[in-house]
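J.: Below you'll find the structure I mean.
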Amino acid sequence: MLRPKLPDIPTPPTTTLTPQHTQAPAPSAGRPIAPYVGFGVGAVAAVVVVGIVLTALLAAVAVSAVSVAIAAVVLRSLVSSANKR
């Protein structure tokens, strides 16, 4: 009954391609890339090690804080029960 009319698909214009000349890459300045790659790997390893150490220190501080809080609750309970007697 009601059918949408689809637009006609235009045909793309034909173009002729001309070959482009590319230049060879310029020779390097004589500096090797290997030391920079080695430095990058060492830097990444150092960052990972520092991150692991900082995470371990944060976990140690958290465990210490929890243990001190538990000890404070126990001591408070002992002191309050001693005062009631």
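J.: Can you tell me the order of 48-60, 4-16 when each peptide is scored by its average per-residue count of other Cβ atoms within 10 angstrom, highest first? Mind showing how you got there, number by number?
T.: Values: 48-60: 10.0, 4-16: 5.5.
In decreasing order of mean packing, 48-60, 4-16 become 48-60, 4-16.
J.: Let me ask something additional. Could you give the length gained on full extension between Gln23 and Lys84, defined as 0.36 nm per residue of separation minus the Cα-Cα distance, in nm?
T.: Numbers: separation 61, 0.36 × 61 = 21.96 nm, distance 9.45 nm.
The span from Gln23 to Lys84 would gain 12.5 nm if fully extended.
J.: Which ³J(HN,Hα) values in Hz, rounded to whole numbers, follow from the phi angles of the range 51-56 under the Karplus curve 6.51 cos²θ - 1.76 cosθ + 1.60, where θ = phi - 60° and Gly and Pro get x?
T.: Rounded to whole hertz, the list is x, 5, 5, 5, 5, 5.
J.: Using a simple spin-label model with points 7 Å from Cα along the Cα→Cβ vector, what separation in nm is obtained for Ala46 and Ile70?
T.: Reported label-point gap for Ala46 and Ile70 is 3.9 nm.
Read-outs: derived from the displayed coordinates by stated rules, not from any lab. Computed from a predicted structure; not experimentally measured. Note that each Cβ is placed from the backbone with ideal geometry, even for glycine, and that neighbours are counted across all protein chains shown.
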